[in-house]
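*Asks:* Sharing a structure, written as structure tokens. Questions coming.
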Amino acid sequence: MAHAIEMASRRKQTVCLAVWFTVAVFMAPRTTLTRADEPASAGEPRFVDLSLLVAPEMPGSWPNAGFPPFHMNHYLQIGPLSAYNSDILALDGNTGTQLDVPPHSVPLPETNLPNAGPYGRITTDKVSAWQFGGEACVVDCRDILNSKTVGRSDLIKEERIKDWEKKHRQVGFGDVVLFRSGYTDKYYEPLPAGRRYLADPVEGRAPAWPDPNPDCMEFLASRKVMALATDSPSMGPIPDLAEPTHLAGLKYGMIWTESGTAFDKLPVTGAFYCMLAPKHADGPYSEGRALAVVGDPLARRLIESARKKQAVDLSVVMAPDLPVAWPGAGAGRHRQPYSKVPLFFAANLGRYHETHLFDSHSGTHLVPPSYALPPAGFDNQTYAPEVRTWLAEYEQKYGPRGNSDVTTEQVPLAQTCGNARVIDVKHRIGTTGQNTWPRSPEITVDDVKKHEEAHGTLKPGEIVIFHSGYSDAYYKPLPAGLACLAEPLDGKREGWPAPGPDAILYLASKGIRCVATDGPTLGGPEPKRALMTYWALGSKGLVGVEFLTGVGKLPEGAYFLFAPVKIRGCHGGPGRALAFF
């Protein structure tokens, strides 16, 4: 983004850049928020959403003419042609709350460009899992929020960090330094008023956001701080220090969050901060979701895990040559494929800036209730005749299917995070006959009960993860990757182990609110059985996390964290799954 800032600043006299403040804080029940100028308190942990809402009318996309605005197309809608809702996302990694990694400013070593180095290889898919989390150290910068200089950022200098250290403690490895000015809280609102957030400062029509200068970055690097966050649109001061500040931190392997919000909901220290961003192959930046856990012992437990580098990334990489997208059975039933779209060439990096076009159920993603449940008032006669028959059968056995308008941004963070309960279902592989394909081996209630007999009763709030090893074995570059999705859907091989509706309803009865799998989907390749599984999931208010990988690396007692990008009205949602132990 820094390169774009410099370009926009130079052209601000000749180029006109066209670009409801929303902060959703999802908390555990019966809790109150702690302000940043209050001490952390012990008690029931709560989750704080630190992410901006992405929507077409919000100023979340970078306003430089080279970057396209965010767009979402509800191309699948429940009705005669589809039993599901899904969306095509046109999403640039500089949209909303976002992640920057070293290649944003550090070229690959082999380019021989200025500032090239080994950190130019650490793209969004290669950042170590532990680096995404740490203890939030909130640095108050509100006194420099309202600069009177148009088109210019007031600077956060190293003296401010040193003053903070005198009052609290020295920052260091395992900390995430958060610069709190309140900028997004004040200016992130719908367009046209939202131009004040980003476009007007870049155009030189309004004062810009506070940000650290290069010396401040160098100082934090000397303290071994490896992650930062800011509640301004960029970690780059404008008009002339954006790229120098980026480079000053990224050259040391730092990562950071831009466009965070609601930092006032955090204590000065003691909260666990985490950035979760989709795993785009070779990405120099990514859209993301920032969150915090406030309250011990959970926050302290997660902080210590991050400091000890005890974390596992459970997300599949997204790339055009991987089986990311649903190919459908036969011809003409596929969903939007995953595509990288080059935007413009950044000569200082030797690479193109890029955006992505993909289905909202690509890669590791969320399944909200509205994926398969229609809204209230839906006429079931709108379904295709075959689906009406399935619905009658389902409701006769399981009761009303129900309705829902719960899309991605409405799912509480606390619902997709919790102690991991890994249920081994590898024994189910190879238990179907070829004459029954396309079909998945069904994960049954008995499978879950046998796990409970061996490992203890399921506890409400745990994240149940079905471990088959499927993605580990079959998520490979095409054409080998055809074995992952295309061949099972076409009946050429057995599908992945998947729970039936009975297993989902049993999990709901045990207080489970989120079910995850290392298979591509919770539904499996057989259309009727899959739909019934999703109806059961949505009817009980459960959500799913699909397409995990590396689940076998999880030790007992791990804590699972997943959050999708906060897109209004989305029926899926790309994200990243991590586990700390």
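*Asks:* Name the single residue that is farthest from Thr549 (Cα to Cα) among those in the range 323-349 being surrounded by fewer than 20 Cβ atoms within 10 Å (Cβ to Cβ) and in contact with a Gly (Cβ under 6 Å, 6 or more places away or on another chain).
*Replies:* Phe344
*Asks:* Here is a follow-up. Report yes if Thr184 is buried (at least 20 other Cβ atoms within 10 Å of the Cβ), in a loop (DSSP other than H, G, I, E, B) and among the polar types (S, T, N, Q), otherwise no.
*Replies:* No; evaluated as a whole, the condition is false for this residue.
*Asks:* Which ones in the range 400-414 are in contact with a Phe, Trp or Tyr (Cβ under 8 Å, 6 or more places away or on another chain) and polar (S, T, N, Q)?
*Replies:* Asn403 - this is the single residue of the range 400-414 that is in contact with a Phe, Trp or Tyr (Cβ under 8 Å, 6 or more places away or on another chain) and polar (S, T, N, Q).
*Asks:* Based on what the data block shows, is Val171 on the phi < 0 side of the Ramachandran plot and either touching a Gly at 6+ places or on another chain (Cβ under 7 Å) or not assigned by TED's automatic domain parsing to the domain that holds Ser286 (or both)?
*Replies:* Spelling it out, it is not the case that Val171 is on the phi < 0 side of the Ramachandran plot and either touching a Gly at 6+ places or on another chain (Cβ under 7 Å) or not assigned by TED's automatic domain parsing to the domain that holds Ser286 (or both).
*Asks:* From the residues in the range 274-303 that are of a type in the set (A, V, I, L, M) and over 17 Å from the mean Cα position of the chain (by Cα), which one is nearest to Gly260 (Cα to Cα)?
*Replies:* Residue satisfying both the conditions and the ranking: Val294.
*Asks:* For the range 297-320, enumerate the residues that are assigned to a loop (DSSP other than H, G, I, E, B) and either touching a Gly at 6+ places or on another chain (Cβ under 8 Å) or surrounded by 14 or more Cβ atoms within 10 Å (Cβ to Cβ) (or both). Steps first, answer last, please.
*Replies:* The initial filter retains those residues of the range 297-320 that are assigned to a loop (DSSP other than H, G, I, E, B), namely 297, 308-310, 314, 316-317, 319-320.
Passing the criteria: Gln310, Leu314, Val316, Val317, Ala319, Pro320.
*Asks:* I've got another one for you. Here are the criteria: (1) of a type outside the set (D, E, K, R); (2) part of a strand (DSSP E or B); (3) surrounded by fewer than 20 Cβ atoms within 10 Å (Cβ to Cβ). Tell me which single one Leu81 does not satisfy.
*Replies:* Unmet for Leu81, out of (1) of a type outside the set (D, E, K, R); (2) part of a strand (DSSP E or B); (3) surrounded by fewer than 20 Cβ atoms within 10 Å (Cβ to Cβ): (2).
*Asks:* Residue under question is Phe173, and the condition is that it be of a type in the set (A, V, I, L, M, F, W, C) and assigned to a strand (DSSP E or B); does it hold?
*Replies:* Considered against the rule, which asks whether it is of a type in the set (A, V, I, L, M, F, W, C) and assigned to a strand (DSSP E or B), Phe173 comes out as no.
*Asks:* Taking the range 265-286 as the region of interest, how many residues are of a type in the set (Lys, Arg) and surrounded by 24 or more Cβ atoms within 10 Å (Cβ to Cβ)?
*Replies:* The first filter runs over the range 265-286 and keeps only residues of a type in the set (Lys, Arg), leaving 265, 279.
So of that shortlist, the ones also surrounded by 24 or more Cβ atoms within 10 Å (Cβ to Cβ) come out as 279.
Number of matching residues: 1.
*Asks:* In the range 551-581, how many residues are out of contact with any strand residue (DSSP E or B) (no Cβ under 6 Å at 6 or more places or on another chain) and among the small types (Gly, Ala, Ser)? Steps first, please.
*Replies:* Quick first cut of the range 551-581, residues out of contact with any strand residue (DSSP E or B) (no Cβ under 6 Å at 6 or more places or on another chain) only: 552, 555-557, 568-569, 581.
Next cut, among the small types (Gly, Ala, Ser) only: 552, 557, 569.
Result for the range 551-581: 3.
*Asks:* A follow-up question, please. When the residues of the range 187-218 are narrowed to those that are hydroxyl-bearing (Ser, Thr, Tyr) and outside any helix (DSSP H, G or I), which ends up nearest to Asn146 (Cα to Cα)?
*Replies:* Restricting to residues being hydroxyl-bearing (Ser, Thr, Tyr) and outside any helix (DSSP H, G or I), the top hit is Tyr197.
*Asks:* Then there is this: Which pairs have Cβ atoms under 6 Å, sit 6 or more apart or on different chains, and link a residue in the range 554-566 that is among the small types (Gly, Ala, Ser) to one that is at pLDDT 95 or above and not in a loop (DSSP other than H, G, I, E, B)?
*Replies:* Ala558/Ala420; Ala558/Ala579; Ala563/Leu276; Ala563/Arg289; Ala563/Leu291; Ala563/Leu413; Ala563/Gly575
*Asks:* Given the residues Val317, Val294, which is the only one that is more than 20 Å from Gly418 (Cα to Cα) and either out of contact with any Pro (no Cβ under 8 Å at 6 or more places or on another chain) or of a type in the set (Val, Ile, Thr) (or both)?
*Replies:* Val317 is the lone residue from the list that is more than 20 Å from Gly418 (Cα to Cα) and either out of contact with any Pro (no Cβ under 8 Å at 6 or more places or on another chain) or of a type in the set (Val, Ile, Thr) (or both).
*Asks:* OK, next. Tell me which residues, restricted to the range 115-140, are crowded, with 24+ Cβ neighbours inside 10 Å and either in contact with a Pro (Cβ under 7 Å, 6 or more places away or on another chain) or not assigned by TED's automatic domain parsing to the domain that holds Arg300 (or both).
*Replies:* Listed by number, the list holds a single entry, Gly120.
*Asks:* Let me ask something additional. Based on this model, can you work out whether Phe547 counts as under 30 Å from Pro56 (Cβ atoms), aromatic (Phe, Trp, Tyr) and either at pLDDT 95 or above or buried (at least 21 other Cβ atoms within 10 Å of the Cβ) (or both)? Outline the logic, then answer.
*Replies:* Working: under 30 Å from Pro56 (Cβ atoms): yes; aromatic (Phe, Trp, Tyr): yes; either at pLDDT 95 or above or buried (at least 21 other Cβ atoms within 10 Å of the Cβ) (or both): yes.
So Phe547 passes the test.
*Asks:* For Val387, indicate whether it is of a type in the set (Val, Ile, Thr) and touching a Ser or Thr at 6+ places or on another chain (Cβ under 6 Å).
*Replies:* no
Yes/no per residue for (1) small (Gly, Ala, Ser); (2) under 30 Å from Thr245 (Cα atoms); (3) touching a strand residue (DSSP E or B) at 6+ places or on another chain (Cβ under 8 Å); (4) at pLDDT below 95:
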residue	(1), (2), (3), (4)
Arg35	no, yes, no, yes
Ser41	yes, no, no, yes
Leu50	no, yes, yes, no
Ser61	yes, yes, yes, yes
Ala65	yes, yes, no, yes
His74	no, no, yes, no
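*Asks:* Check off (1) within 16 Å of Gly572 (Cα to Cα); (2) part of a loop (DSSP other than H, G, I, E, B) for Glu409 and give me the number that stays unchecked.
*Replies:* (2)
The values are calculated or read from the model by the stated rules, or taken from the named source; none is laboratory data. Owing to the predicted nature of the structure, the values given are computational and were not obtained by experimental measurement. Using ideal geometry, Cβ is built from the backbone for each residue, glycine included, and neighbour counts are taken over all protein chains shown.
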